[in-house]
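Structure first, commentary second.
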Amino acid sequence: MMTKEDPWIGALVAGRFRVESLIGEGGMGRVYLATQLGLKRRAAVKVLHAHLAQKDELAVRFEREARTASMLSHPNSVIVYDFGQWEGQLYIAMEYLEGRGLDQVLLRQGRMAADRIVYFMGQLCDALSAAHRMDLLHRDLKPENLIIVKDADGREQLKVVDFGLAFLMEGDKDQRLTRDGSVSGTPAYMSPEQALDKALDRRSDIYAVGCILYELLCGSPPFEGVSPVECLAMHLYDEPVPPSQRARGPVDKALETTALWCLEKAPENRPQTIDEVKVALLEAIDRPSDGAMLARALEETTRRREERAAAAGIADTERVARPLVAAGLEVLVLQCAGVDFGRSACTTLRSQGASCELGESLDVPPVFESGRTDAVVVDIRSEPAAMLDTLASWLAGGVLGGRPLVVVGPDDDMSAMTRTLTIGGADYVPESDLARLPKKLTRAVRRRKR
C-alpha cells in the first residue's frame, strides 16, 4: 500500500516492481529499492521528477536513450531491467548494486596506488568502449557514478551507472550547475565543449575520464573553483597543474601523462577513442624495468607543459620572474559608477601594472586610437543581460577592432558566462575571482597576438 508521506513506497510500478524504500535523491529524481515480482530479484527504480515527463521531446529522448542503455550488456555497466512511464512519471528499473561509490572510496582511503588505479580505470574504459560502439555517451562521468561492488569471487568490480541520462537536465543549466551532488553534468568533470553547450561526442567522456584519473592520482579533481561558473571557466581557459605538483607523495609519471593527455582543451588533441586510453594505462604498469619508459613519460609531461605554457602566452616561472602580471598593458575598463573601490576591475588591474582608462557607461561605443588599447574589460554586475546585449552588438559590428573582451560578472550566473563566450568574449571572470583578472587578461591579449 502506498504511504501518504511518499506515494511511491508500497506501489507496484508497471505491475512488476514492488517499491520498498527510498535509497536516495538527486538532481533528476528519486531512487527506490524494489523487488521485481516473478523473478523475485532486487532492483533499483529511479523515478524522474514529474515535470520531465511533461516535456514531450524529453520523454521521447528518454525512451530512446533508455532503450539503448538497456541493450548495453557489459559486466562493468549496470543492467537496465525496464523503463517507461507510470502514473505520469518516467522511471527506469535497473540492477541493484550493493557497494560504494568511487567518491566514497577516495574519501575513506585517499589517493590510490598506480596498480589499483589501472585496475579500476581499465574497467571504466571497457564499459565506455562497449557504450561508445553503440553511440551511447555517458555525459556525466564522475566518481559517484562509478560503484565498486564485489563479484561472485569476492573481487572488486567497477560498475558504471546512469548511462545516457544527463541530457535530462540540459534544459535547466543553472539548476544543474548549482545543486550540490546533482546527478547531471557536474562542473568538476565537464569538458570544455560541454561547458559551452556544444555538440558532444565520445571525446567529451574521455575528458571526464581524465578528470577522474587526475583525482585518483592526487586526491582532488583538476579544477575546483569557488563557484560552479568559476570551475567551468577554469576548464575552458586554465591548464591543469600536473598531479605530481599537488600530491603528497610520488605520482606515477606515465599515468600523469595519460591524465594530462585526456585533459587537452581541444577534443582533437585528446585520445580519439577510449581504447587508446586503456592502452596507455596498461603500458603505465607494464613498462620496462630499466625505467626508460618512465623517463620518456617525464620528458613528454615536461614537453606538453611547456607547449601549453607557450600556447597560453605564459612564461616558465622557473626561468622568468614576473612580479607584475599585467605590466605594460593598456586597458579600457568600463564599469558602473559606485563600484566599491577595493572590488573594482580597474583597481585590480592597476595593482598588477596595467594602465587603465576608466569609463562608466556603455551608452556610447568607444573609439580607439590605433595601437593604444590592448584589451577591453567590462564589469556587467549591475545589469548583466542588458549590458551583454550591448556588448554583443559591439562585437558583431567590429567596434572593439579585434581587441579581446573580458567580462567581470556575477558568481554562479551560467547564462551570463555562456552568453559572454558565445558572443565572442575572450573570458568571463566571476566577481569572487577578481584577483585572477590580470592573469586572465594577459592570456587573452597574448592569444590575440599569436
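List, in order, the whole-Hz ³J(HN,Hα) value for each residue of segment 228-242 obtained from phi through the Karplus relation with A = 6.51, B = -1.76, C = 1.60 and θ = phi - 60°; use x for Gly and Pro.
Each residue of segment 228-242 in turn: x, 5, 4, 4, 5, 4, 5, 4, 6, 10, 8, 8, x, 5, x Hz.
Whole angstrom only: what separates the Cα centroid of segment 27-43 from the Cα centroid of segment 123-138?
Segment 27-43 and segment 123-138 have Cα centres separated by 24 Å.
Leaving out same-chain residues fewer than 8 places away, which lysines sit with a Cα under 28 Å from that of K46?
Hits, sequence-local ones excluded: K4, K55, K142, K150, K159, K173, K198.
Sorting E276, E256, E264 on the 10 Å Cβ count, fewest up front, what's the list?
Ranked by crowding around the Cβ, least crowded first: E276, E264, E256.
With a/c under 1.5 counting as rounded, go ahead and sort segment 23-74 into rounded, prolate or oblate using the C-alpha gyration tensor (a ≥ b ≥ c being the square roots of the eigenvalues; past the cut-off, prolate if a/b is larger than b/c, else oblate).
Verdict is oblate for segment 23-74.
Give the cross-link partners of K449 among the lysines, using a straight C-alpha distance below 17 Å as the criterion and excluding same-chain residues fewer than 8 apart.
Within the straight-line limit of under 17 Å, K449 reaches these lysines: K439, K440.
How large is Rg over Rh for segment 384-450, taking Rg from the Cα atoms and Rh as the Kirkwood inverse mean of 1/r across Cα pairs?
For segment 384-450, the value is 0.96.
Would you mind listing how long segment 330-450 runs along its three principal axes, going by Cα atoms, in whole Å with the largest first?
Largest first, segment 330-450 extends 34, 30, 27 Å along its Cα principal axes.
Whole-Hz Karplus ³J(HN,Hα) for segment 205-213, in order, using 6.51 cos²θ - 1.76 cosθ + 1.60 and θ = phi - 60°, x for Gly and Pro?
4, 5, 4, 4, 4, x, 4, 5, 4
Read-outs: derived from the displayed coordinates by stated rules, not from any lab. Since we're looking at a predicted model, the values are computed, not measured. Virtual Cβ from ideal backbone geometry, glycine too; neighbours counted across all protein chains shown.
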